[in-house]
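Just so it is clear, none of the values below were taken in a lab; they were calculated from the coordinates. Please read these numbers as outputs of a predicted model, since none were measured by experiment. Backbone-built Cβ (ideal geometry, glycine too); neighbour counts: all protein chains shown.
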Amino acid sequence: MDNILFLAHAEADGTLNKTALEALSSAVELKQALGGTLDVALYGAQIQPAANAIAACGATRFFAVCGESFADARFATDAAASEALVRASGATIVIAPGSSRNARVMAAVAHRVGGCVDTHVTDVTAASGAPTVTRWFYRQRIEGSLTRTQRPWILLLDPGSRPAWKGEPASITPQMIAVPIGDSLRRTSVKGFVTPPADQQTIRPDADLLFVAGAGWTKKQKDGQTHVPEAETIIVDFLRNSKASLGGSKSLVDISGENQSTLHFMTHLNQVGQTGSSPRHPKGLAACCHGEEPHTVGWRFIGERRAINLDPNCGWARGKADVLYVADAFEVMAKVNALLGAK
């Protein structure tokens, strides 16, 4: 019988983010399917708010590593804290949120405790009494399931794969695990954070809408001229007014290497599909995209798809979009911005 451990790092204010609560939801469901026990392990500068928030999740034991040394993401201290928590719990299956902070350290933690790790997990079920992991391969074109006998088995759950756990807060006192932190573990120091202003942030994973721009924004328009500066203004205004997240087709993010004008704020980090990201926003709107298969694959988890394109025979018109607007994207988005501005 497996002992399941939910392992997560607390945020600066001591709470758990949505990604962590999604992983907790998966851990709770797996415990109910397999039986066994569920433990919780938290680490960070302060963990009491997080522990109280999930006290009603049904966990048997709560473990914690707490202190200023664990406030910031740092490989040495994060790995030491995670290793100590896994060993203290005696867990055979560890479910953790697939955050960038966890992704840097969990392979090392698995090696130290003699276990194994799988990343980009989208679901964990109990088939025939044994835990089975589901994940995507080949840029989410192929879905596969696997199981392992090696323990402990550490699983990093991808954000957006499960609904976040919800429950009433309560008071809980975690068992504190002491992790000695010498100078060798503090050689890396965090001096601060540099982030763009809110109105310059284009990648917003928690946004309700994903707006995907295609290469058509940089091509010659009906007057025979390109209008890249106007396209930039329209798109930036829309992102600012709607708080949407920005994606780009591979054609658009690659166009700068072809000595052509491109949107200065578009980078490969915005790329959707064909080796780009596969986002999980509730709704998506594509403009000036031809809708080829690799780009559409990037929309696999979008709940509602809409597109704007002058060509009624474009890829989006062939059953890949829920709604296709056959219109000029410049004119449509300018009108949308005017309506949003009026609000």
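Couple of notes before you dig in:
- Histogrammed with a bin width of 10 Å, the alpha carbon distances of the range 198-342 distribute as 12, 46, 37, 4 percent, first bin at zero.
- Ranked list, fewest to most other Cβ atoms within 10 Å of each Cβ, for 331, 11: 331, 11
- Trypsin sites (Lys or Arg not before Pro) within the range 257-325: DSSP coil, no more than 12 neighbouring Cβ in 10 Å: 318
- Per-residue ³J(HN,Hα) for the range 60-65, Karplus 6.51 cos²θ - 1.76 cosθ + 1.60, θ = phi - 60°, Hz, x for Gly and Pro: 7, 10, 10, 10, 8, 10
- Using the Cβ-Cβ distance between residue 56 and residue 339 with R0 set to 35 Å, the FRET efficiency works out to roughly 0.20.
- Per-residue Cβ neighbour rank within 10 angstrom, fewest leading, 78, 13, 118: 13, 118, 78
- Ascending count of other beta-carbon atoms within 10 Å, so fewest first, for 295, 281: 281, 295
- Label point 7 Å beyond Cα of residue 171 along Cβ direction - residues of the range 40-74 with amide nitrogen under 18 Å: 47-57, 62
- Calculated diffusion of the chain, Stokes-Einstein form, Kirkwood radius summed over Cα pairs, 25 °C and 0.890 mPa s, µm²/s: 111
- Difference of contour (0.36 nm per residue) and Cα-Cα distance, residue 208 to residue 228: 4.6 nm
- A crude spin-label estimate for the pair residue 195 and residue 137, with each label 7 Å from Cα along the Cβ direction, gives 3.8 nm.
- Neighbourhood charge, 12 Å Cβ-Cβ cut-off, centred on residue 263 and excluding it, Lys, Arg +1 and Asp, Glu -1: -2
- Cross-linked pairs 222/335; 18/335; 283/343; 220/320: Cα-Cα separations exceed 29 Å for 18/335.
- Cβ-Cβ FRET estimate between residue 127 and residue 311, R0 fixed at 41 Å, reported to 0.05: 0.35
- For the range 3-185, fraction of C-alpha pairs farther apart than 28 Å, in %: 16
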